[in-house]
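Trainee: Sharing a structure below in structure tokens format, with a few things to ask.
The values are calculated or read from the model by the stated rules, or taken from the named source; none is laboratory data. Nothing here was measured: the structure is a model prediction, and the numbers come from that model. So basically every Cβ, Gly included, is an ideal-geometry build from the backbone, and we count neighbours across all protein chains shown. For accessibility, only protein heavy atoms count, side chains too; no ligands or nucleic acids. Shrake-Rupley method; radii C 1.70, N 1.55, O 1.52, S 1.80 Å.
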Amino acid sequence: MHRNAVMLAVVLLGNLMLPFISAQNEPKINASDQTILTADTSSKQVILQCNLTTAHTRHKESFWMKNGQDIPNTRTEQKDTIYRINKPRADDSGEYMCVYTFDTAPNANTTIEVKAKPDITGHKRSENKNEGENATLYCKSVGYPHPTWTWRKMDGKSPMELDNSTGRIFITNRDNYTELNILNLDINTDPGIYECNATNAIGNNAQTTILRVRSHLAPLWPFLGVLAEIIILVVIIVVYEKRKRPDDIIDDDEPVGQMKTNSTNNHKDKNIRQRNTK
Amino acid sequence: MPPAAATNLGYTPPDGGWGWAVVFGAFISIGFSYAFPKSLTIYFKEIQEYFSVSYSEIAWVSSVMLASMYAGGPVSSILVNRYGSRPVVIVGGVLVCTGMALASFGTNIIHLYLCVGVIGGFGLAFNLQPSLTIIGTYFQVKRPMANGLAMTGSPVILSTLAPLNQFLFDSFGWRGSFLILGSIVLNCCVAGALMRPVNKSIPRKTIDESSKCESEAQEHAAAEDTTTHSDNLQTEDQSESKGHSFVQKFIDLSLFRHRGFLIYLIGNVVLFFGFFAPVVFMAPYAKHQGIDEYSAAFLLSIFALADMFIRPTTGLVGNTKWIRPRIQYFFSFAVSYNGVCHLMCPLASGYTGLVVYAVFFGLAFGMLSALLFEVLMDLVGAPRFSTAVGLVTIIECGPVLLGPPMAGALVDYFGDYKYIYYACGVFMLVSGIFFFVMHYYNYKKLDEERGKSKAMETRNSDEAVQLKMNQADRTMNETDE
């Protein structure tokens, strides 16, 4: 009985110690804090650092990942690994991870977040469509964390909420992309300047697109105008020619040149002898 | 007795006066004929997306239009021989307008092929031939100048249409633009209205009338045109009445026995293989070298500017008394210069090199274009020019259509643009040398024939004078007695 109690105590103690021991076996990584990219820091270099402080076994190598994808040329065998971002821009933001691989243990990693205001990289400056067609306006952004999108229509200088009372407007939002679809364009209410706004925890950004709606009859007026001009020109030319015609005939009466005719004038007076002496 | 100079025409062309208005009309007509198919390419991207077709299918619109324009040549020639230039040009303008207006309501790509391609192309063919023909009827002495000025229409109207088309496209979309373009093309009808048939009842002027010696020399040179004394002068007079009625009804196939015409035809077929491809590939080649899109487009503008400037200048030079009698050599020089230009293009490096190439190529292209139809007129003469140009265009149809795709195939196969330039340069150089050699031989033959016919004429006239003298003597003797 004495022996059973001692064994129980050892097992209990062992169980109590287990977390501490396993904690000591887990590798610890010291990493830099999250960074926020702003306009001020755009010229400074951003340095992300990872230190492997405690490890049970010797690690094999380490590398960096961004947003779940390997960053090439970052594999080293050092315990301390550094990733530099030169001249950071909005698309350099994201979730960075330093990963340590081991021979006999699973990988260990830490995440460092680099956040920035969203930057709108893709949008159409203007869209021209005919009446009754469908218009698609879009905006693309880069930046982490992914923004929430809102679409507004500019009324003069200030943006207004979109009026979807006619139910023709559909908005599709994805992580870094948004699309505004307007079906069956109406020439009276739809034309104008539309603004897409991307907002995240750090800040927001917006871009505008001009939507123009052409009416079906619009080309008809220039067509008729040019037609009229052509008819006038043709009439002028024809009238000028009809008036010129009589003048042409008068011109013909003028002696243009003496034709060398076989003039028999010289033979009229037969008394004059004509001899060609050669 | 006046030399048998202008007898081939039967009247003296005015060489001025209303002729310049006709040149302006021809300027517009020719300009639209050449520039219109090229300027439509701006709409292709939008139409391609609208009808959901591939790029090659949309490029067919341009090809069909060009093919119809060249294939309509003989039809146009027959109509011009029958009815004169004016009605044909007006009908041509109306045809293109209807084609474009119908196309603006098109619902599928086949519709576009028919309306823009076939109808539009035929309309443009009805513009091109008559304009060239009527210049030949109005001008003899100043004809190279008139031709040069008329051919300037092509780059000028292209430079006007390109930004205009862009503006119309932004404002009205492709359907509206086609409608408005249809109305703009009706200006060809105005040009046609200007093409009053030449007044043939003006009596012949004699050489004594000319005041200046230079103009006399020019008239002489023009009179000793290769046309008047080329092949079978006597038989031409005899079969003239028969030939004219034949020409009026059908195509005058006797042209195929005409030495000058054959030289021109063979040389041109080789030439046209390498004529248009360098223009088509200039911008892609520039982009391939790493030049941005706007600078590449600017290259084309430089090319067009050089082209615009050199055409009237070539006309002026071709009119001088030194060049006019031997204008075929000038043309051969222009062709060879084109070839040399293309062969040197791969040596051009960087943007400045390409700019220099664009300038020289523009000059070469313009020189050739200005002389292209003038030399044909010089070879076959104004009466048969209409038929000749119809036959030439329908046979040139092949190389013109095959040239750019073949060049494209070369690019795809070799992956490098310089082979196009080598190929085109070789084609044009071969053609130029062919022209030089054949025309030297042709001029020699013509001089021989002229010498022979002149000898016969003087002999005939001497005999006639002798006969008259004898008769006069006899009558005198009779009256004396």
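Trainee: Scanning for something without any contact (Cβ under 8 Å) to a residue 24 or more places away in the chain and either closer than 25 Å to B:Asn319 by Cα or open to solvent by 10 Å² or more (accessible area, probe 1.4 Å) (or both), does region B:378-385 turn up at least one residue?
Mentor: No, region B:378-385 contains no residue that is without any contact (Cβ under 8 Å) to a residue 24 or more places away in the chain and either closer than 25 Å to B:Asn319 by Cα or open to solvent by 10 Å² or more (accessible area, probe 1.4 Å) (or both).
Trainee: Quick one: would you say A:Thr189 is polar (S, T, N, Q) and open to solvent by less than 40 Å² (accessible area, probe 1.4 Å)?
Mentor: No.
Trainee: Do we have B:Gly339 as in contact (Cβ under 8 Å) with a residue 40 or more places away in the chain and either closer than 28 Å to B:Leu255 by Cβ or open to solvent by 20 Å² or more (accessible area, probe 1.4 Å) (or both) here?
Mentor: The answer is yes for B:Gly339.
Trainee: Exactly one condition in (1) among the basic types (Lys, Arg); (2) touching a Gly at 6+ places or on another chain (Cβ under 6 Å); (3) open to solvent by 100 Å² or more (accessible area, probe 1.4 Å) is not met by A:Arg89; state its number.
Mentor: Condition not satisfied by A:Arg89: (2).
Trainee: Select from region A:202-214 the residues that are open to solvent by 40 Å² or more (accessible area, probe 1.4 Å) and either more than 30 Å from A:Leu37 (Cα to Cα) or in contact with a helix residue (DSSP H, G or I) (Cβ under 8 Å, 6 or more places away or on another chain) (or both) and list them in ascending order.
Mentor: A:Ile210, A:Arg212
Trainee: Regarding region B:402-418, can at least one residue be identified that is under 28 Å from B:Gly260 (Cα atoms), part of a helix (DSSP H, G or I) and without any contact (Cβ under 8 Å) to a residue 24 or more places away in the chain?
Mentor: Scanning region B:402-418 turns up no residue that is under 28 Å from B:Gly260 (Cα atoms), part of a helix (DSSP H, G or I) and without any contact (Cβ under 8 Å) to a residue 24 or more places away in the chain.
Trainee: Here's something else I'd like to know. Could you give every pair whose Cβ atoms fall below 9 Å, whose first residue belongs to region B:49-73 and is without any contact (Cβ under 8 Å) to a residue 12 or more places away in the chain, and whose second residue is assigned to a helix (DSSP H, G or I) and hydroxyl-bearing (Ser, Thr, Tyr), counting only separations of at least 6 or pairs across chains?
Mentor: none
Trainee: From the list A:Gly143, A:Gly167, A:Gly94, A:Gly132, exactly one residue is open to solvent by less than 30 Å² (accessible area, probe 1.4 Å), small (Gly, Ala, Ser) and not assigned by the TED database to the domain that holds A:Thr38. Which is it?
Mentor: A:Gly143
Trainee: A:Thr74 - would you say it is surrounded by fewer than 16 Cβ atoms within 10 Å (Cβ to Cβ) and either in contact (Cβ under 8 Å) with a residue 40 or more places away in the chain or not hydrophobic (A, V, I, L, M, F, W, C) (or both)?
Mentor: no
Trainee: Across region A:146-165, what is the number of residues that are touching an Asp or Glu at 6+ places or on another chain (Cβ under 8 Å) and at pLDDT below 85?
Mentor: The total comes to 1.
Trainee: Quick test for you: out of B:Ser76, B:Ser52, pick the one residue that is open to solvent by 10 Å² or more (accessible area, probe 1.4 Å) and either at pLDDT below 85 or more than 21 Å from B:Ser201 (Cβ to Cβ) (or both).
Mentor: Going through B:Ser76, B:Ser52 in turn, the sole match is B:Ser52.
Trainee: While we're here: Does region B:432-443 contain at least one residue that is in contact with a helix residue (DSSP H, G or I) (Cβ under 9 Å, 6 or more places away or on another chain), open to solvent by 20 Å² or more (accessible area, probe 1.4 Å), modelled with pLDDT under 90 and outside the structural domain of B:Phe122 (by the TED database)?
Mentor: No - not one qualifying residue is present in region B:432-443.
Trainee: Follow-up question, since we're still on this one. What helices (runs of 4 or more DSSP H), lying completely within region B:83-199, carry at least 3 residues that are open to solvent by less than 40 Å² (accessible area, probe 1.4 Å) and either within 13 Å of chain A (Cβ to nearest Cβ) or modelled with pLDDT of 90 or more (or both)?
Mentor: B:85-103, B:121-138, B:143-151, B:153-185, B:187-194
Trainee: Same structure again: Are there any pairs, at least 6 apart or on different chains, whose C-beta atoms fall under 8 Å, with the first in region B:456-481 and away from chain A (no Cβ under 12 Å) and the second open to solvent by less than 100 Å² (accessible area, probe 1.4 Å) and not charged (D, E, K, R), and if so, which?
Mentor: B:Glu457/B:Ala4
Trainee: B:Leu316: touching a residue at least 60 places away in the same chain (Cβ under 8 Å) and open to solvent by 60 Å² or more (accessible area, probe 1.4 Å), yes or no?
Mentor: yes
Trainee: In this structure, does B:Ile28 turn out to be buried (at least 18 other Cβ atoms within 10 Å of the Cβ), closer than 15 Å to B:Pro197 by Cβ, of a type in the set (A, V, I, L, M) and touching a Cys at 6+ places or on another chain (Cβ under 8 Å)?
Mentor: no
Trainee: I'd like the residue in region B:1-43 that is modelled with pLDDT of 85 or more and over 20 Å from the mean Cα position of the chain (by Cα) and, out of all such residues, is nearest to B:Ser154 (Cα to Cα).
Mentor: B:Leu40
Trainee: Further question: Across region A:106-130, which residue is nearest to the other protein chains (Cβ to nearest Cβ) among those that are of a type in the set (A, V, I, L, M, F, W, C) and within 29 Å of the chain's Cα centre (by Cα)?
Mentor: Filtering first and then ranking leaves A:Ile120.
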